[in-house]
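So the structure is just underneath, and the comments pick up after that.
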Amino acid sequence: MLEKQWNLSFEQTNSSDSTIKKSNKKIPVTGSGMSARQRRLNNKRKNQNQELLSRNSDFKLLRSDISQDLLLNRMKGYVKGVVSDEVLPHTEVVRLSRIIRAGLSLEDHKSSLKERLGCEPSDKQLADSLRISCSDLQSKLIQCSLAREKLAMSNVRLVMSIAQKNDNMGAEMADLVQAGLIGLLRGIEKFDSSKGFKISTYVYWWIRQGVSRALVENSRTLRLPNHLHERLGLIRNAKIRLEEKGVTPSIDRIAESLNMSQRKIRNATEAISKVFSLDREAFPSLNGLPGETHHSYIADNHLENNPWHGVDEWALKEEVNKLIDSALQEREREIIRLYHGLDKECLTWEDISKRMGLSRERVRQVGLVALEKLKHAARKRKLEAMLVKH
């Protein structure tokens, strides 16, 4: 049996060798030449490429809203090195927003624990109150900050596009971008992924609010109220519409188009009158030499700006100290100085009595007697006018 099996195997090897030699000849093959597994891998790569193309198209649409000058000059502003070319998918945004909300809940718990303890809680106390380890607490806080940073980086271009729309309106571009980033961070913290909205749709209004507030605060030398700034925007748009129709934009026509009283229109337009510096020359000289400024025609009522006021105050202190040292005893000097605050410490009769170990009434009597002694000594030296004045 073994010999027959050996012979059969030998015959099979010989036949396989012969078939290999025959197969070395070039025979045309009509199959696809690709396995089923390879076809599945190719289809998967094709789908991934299509998703990347769709994301890049969205990114190009957002990029087209931003001017090239702003993109080229971004290295000089607040977004230096943080503009991300990546558009996060919605699933990743949901995951990051959940991490941020978990971190915010930790911060809320920390603030409530601070109110209970009356001081800033340590990491150990916070971890014990949450019944987790310190390492887990630190990891959660780090994950929250990283998630917030990643979401902010992916939406910086949206901030730049909104800030660009409000450029050339009186505020610096850097201030607008900074306020937009603050609004972006606030919107990221408030974002709720369970509502089903995209984060760019929700954050847009927070960014716009921050940019509009920056315009109100930084667009003018003298800050105008928010409602007045909005009214000026309405007046500006009404003027443009009237000019497009070929109508002269007078106050009565603007008030009629906005359904607003002429008094409000006049008050708003007067609020944006030109601002002049007090350091500007009132009458420019013909020879080019500096002349008097507007500041020299306005009286300064602040005593601290008068250099002689400090000299007079110093001289008065010297005279009072000499008078106290010459007319009073040691205990009387101490009571007068503490009660009237001559040594930068003003105390009541009760506090002075506790410090000196006397009763409140006794301290009050000594102080009144010492004050009468000072008045008598001042009359002799003709200083009573100075004592009454001060």
Search region 237-252 for residues that are aromatic (Phe, Trp, Tyr) and pair each with any residue that is exposed (fewer than 13 other Cβ atoms within 10 Å of the Cβ) and part of a helix (DSSP H, G or I) when their beta-carbon atoms are under 8 Å apart and the residues are at least 6 apart or on different chains. none
Can you tell me which residues in region 320-347 are within 17 Å of GLU372 (Cα to Cα), acidic (Asp, Glu) and surrounded by fewer than 15 Cβ atoms within 10 Å (Cβ to Cβ)? ASP325, GLU330
Being open to solvent by less than 60 Å² (accessible area, probe 1.4 Å), of a type in the set (Lys, Arg) and over 25 Å from VAL156 (Cβ atoms) is true for just one of ARG266, ARG220, ARG231. Which residue is that? ARG231
Has region 374-383 got at least one residue that is surrounded by 14 or more Cβ atoms within 10 Å (Cβ to Cβ), more than 25 Å from TRP314 (Cα to Cα) and among the aliphatic types (A, V, I, L, M)? no
Before we move on, is GLU304 at pLDDT below 85, over 24 Å from ARG381 (Cα atoms) and either touching a Pro at 6+ places or on another chain (Cβ under 7 Å) or open to solvent by 90 Å² or more (accessible area, probe 1.4 Å) (or both)? yes
When GLY103 is run through (1) in contact with a helix residue (DSSP H, G or I) (Cβ under 7 Å, 6 or more places away or on another chain); (2) farther than 20 Å from LEU158 by Cα; (3) at pLDDT below 85, the failure sits at (3)
Out of region 160-188, which residues are under 24 Å from LEU232 (Cβ atoms), part of a helix (DSSP H, G or I), open to solvent by less than 40 Å² (accessible area, probe 1.4 Å) and without any contact (Cβ under 8 Å) to a residue 60 or more places away in the chain? ILE162, ALA163, LEU176, ALA179, GLY180, GLY183
LEU358 passes all but one of (1) in a helix (DSSP H, G or I); (2) surrounded by 13 or more Cβ atoms within 10 Å (Cβ to Cβ); (3) not polar (S, T, N, Q); which number fails? (1)
Considering region 85-101, residues that are in a helix (DSSP H, G or I) and open to solvent by 50 Å² or more (accessible area, probe 1.4 Å), and then whichever is farthest from GLY187 (Cα to Cα), we arrive at THR91
Among the residues of region 189-207, write down those that are buried (at least 18 other Cβ atoms within 10 Å of the Cβ) and not small (Gly, Ala, Ser). PHE191, ILE199, VAL203, TYR204, TRP206, ILE207
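The values are calculated or read from the model by the stated rules, or taken from the named source; none is laboratory data. These figures come from a predicted structure and were not determined experimentally. Here the Cβ is made from the backbone with ideal geometry for all residues, glycine too, and neighbour counts use every protein chain on show. Please note that ligands, DNA and RNA were not included when accessible areas were found on the heavy atoms of the full protein model with its side chains. Shrake-Rupley method; radii C 1.70, N 1.55, O 1.52, S 1.80 Å.
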